[in-house]
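The values are calculated or read from the model by the stated rules, or taken from the named source; none is laboratory data. Since we're looking at a predicted model, the values are computed, not measured. When we count neighbours, we look across all protein chains shown, and the Cβ atoms used for this are built from the backbone with ideal geometry, even at glycine. For the accessible areas, the whole protein counts, side chains as well, though only heavy atoms, and no ligand, DNA or RNA atoms are used. Shrake-Rupley method; radii C 1.70, N 1.55, O 1.52, S 1.80 Å.
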Amino acid sequence: MCIRDSHIAADLQQKEKEKREVVTRWDKLNSLIGSHSGGLFRRYAQEYTLDVLLQYANVQMKYLNRRYTLSRIPNSLSLQVLDNDMAAEVRSVYSLSGGESFLVSLALALALSSLSSTKMNVETLFIDEGFGSLDTDTLSVALDALESLQNQGKKVGVISHVQEMVERIAVKVVVEKEGNGRSNIVVRS
């Protein structure tokens, strides 16, 4: 073999090596993104976003109910709770009582507000009922959490018929029935 042929062979081997590196990069990208529709990447992004949301929610849960920590069921977009009073026993969210489910929902709503506020300022939060399922102590904790949000400059609207809520909320928008399908709206402070 002459020197010229060995240079050509070396050039071809180098080009082949470079092409293999390109193919390896594309294979790695394909394994991360998946098909042309991006389903695998979309799933990864959803799992990541849910994990971040759960970090914020667990900060709220420490304040609302220290007993539970929220987590994502591995390789899914479903939630489970860790029962800290039972040595971090993994439980289904369906095993929670009505009041506990409400607190988990409240923690997730507050977390969503926090997650959104990293890019934009969420100033108003409306909560429609659920307070009737809470015992007196849990209701007090929930109201304290809402007052804390108000103290941070957020506007919190609560739709409720629970008398304890009515007594603790300073400014109320009350809908009074007048009859014949008509109502009157009154602001009270």
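Starting from the Cα-Cα distance between residue 51 and residue 82, subtract it from 0.36 nm times their residue separation and give me the gain in nm to one decimal. Write down the numbers at each step before the final one.
On the way: separation 31, 0.36 × 31 = 11.16 nm, distance 1.47 nm.
Going from the current span to full extension adds 9.7 nm.
What three numbers, in Å, describe the spread of the alpha carbons of the chain along their principal axes, ordered from the longest?
Ordered largest first, the chain gives principal extents of 103, 43, 33 Å.
Cross-chain or 8 or more residues apart, Cα under 30 Å: how many lysine pairs in the chain fit that? Count them up, please.
13
For segment 46-110, what number results from the quotient of the Cα radius of gyration and 2.2 N^0.38 Å?
Segment 46-110 yields a ratio of 1.01.
Per residue, how much accessible surface does the chain expose to a 1.4 Å probe? Answer in Å², no decimals.
Result: 70 Å² per residue.
Give me the percent of the accessible area of segment 1-148 that comes from carbon and sulfur atoms, probe 1.4 Å, all protein chains in place.
In segment 1-148, the share of accessible area belonging to carbon and sulfur is 56 percent.
Note the angle between two axes, namely the Cα long axis of helix 136-151 and the longest principal axis of the Cα atoms of the chain, as a number of degrees from 0 to 90, rounded to the nearest 10.
That works out to roughly 70 degrees.
Pop the C-beta distance of residue 97 and residue 40 into the FRET formula with R0 = 22 Å and round what comes out to the nearest 0.05. Provide the component values of the computation, followed by the final result.
Numbers: r = 37 Å, r/R0 = 1.70.
Computed FRET efficiency for residue 97 and residue 40: 0.05.
Answer rounded, prolate or oblate for segment 1-46, using the Cα gyration tensor with square roots of eigenvalues a ≥ b ≥ c: rounded when a/c is under 1.5, else prolate when a/b is larger than b/c, else oblate.
Because a/c hits 1.5 or more and a/b exceeds b/c, segment 1-46 counts as prolate.
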